[in-house]
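**Student:** Have a look at this one.
The values are calculated or read from the model by the stated rules, or taken from the named source; none is laboratory data. In this text, all values refer to a predicted model and were calculated from it rather than measured experimentally. Backbone-built Cβ (ideal geometry, glycine too); neighbour counts: all protein chains shown.
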Amino acid sequence: MKILLLDGPNLNLLGTREPEIYGTDTLADCVRDAAAAAASHGYEFEHRQSNHEGEIIEAIHAARGTADAIVINPGAFTHSSYAIADALAAYDGVKVELHLSNPSAREEWRRLSVVAPVVTGTIAGFGRAGYRMAVDAAVGRLA
């Protein structure tokens, strides 16, 4: 059984990009926490990060039949990528949308998530801890 973690654009800059919003933890820190959570539940774990919409869509397609759950932090694609939403809608497993900050408490344009209607649930606003929480939530739905 496997959990796929997908991180979208600019998340490779965590730790240095707007630390007042996203904190000083790096993406590697967040991935390490998610991997540890998956392992603690007996799940395999895979991580992919891309700044390119098509690569994220391809990863979602490849997860069909190979991963039991997808945890995805779509970054700015949250608000604009109907293509990612469509790919997630075609995936039959558990899907958890993840955000370090709370988009609902930020700029107006960040308050709409086009992926929210097609995911199982959303974890937002808990910073680095959200990565572990998202994996735990996915496992909870799979149990």
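**Student:** Failed condition for LYS95, given (1) surrounded by fewer than 18 Cβ atoms within 10 Å (Cβ to Cβ); (2) under 30 Å from GLU20 (Cα atoms), with all others met?
**Tutor:** It is condition (1) that LYS95 fails.
**Student:** Of everything in the stretch 1-29 that's among the charged types (D, E, K, R) and out of contact with any Gly (no Cβ under 9 Å at 6 or more places or on another chain), which residue is modelled with the highest pLDDT?
**Tutor:** Within the stretch 1-29, the match that is modelled with the highest pLDDT is LYS2.
**Student:** Something else: Quick one: which of ARG48, ARG32 is in contact with a strand residue (DSSP E or B) (Cβ under 9 Å, 6 or more places away or on another chain), surrounded by fewer than 20 Cβ atoms within 10 Å (Cβ to Cβ), modelled with pLDDT of 95 or more and charged (D, E, K, R)?
**Tutor:** Step by step, each of ARG48, ARG32 is checked, and only ARG48 is in contact with a strand residue (DSSP E or B) (Cβ under 9 Å, 6 or more places away or on another chain), surrounded by fewer than 20 Cβ atoms within 10 Å (Cβ to Cβ), modelled with pLDDT of 95 or more and charged (D, E, K, R).
**Student:** Within the stretch 1-25, take every residue that is assigned to a helix (DSSP H, G or I) and of a type outside the set (Asp, Glu) and give me the one that is surrounded by the most Cβ atoms within 10 Å (Cβ to Cβ).
**Tutor:** Among them, the one singled out is LEU11.
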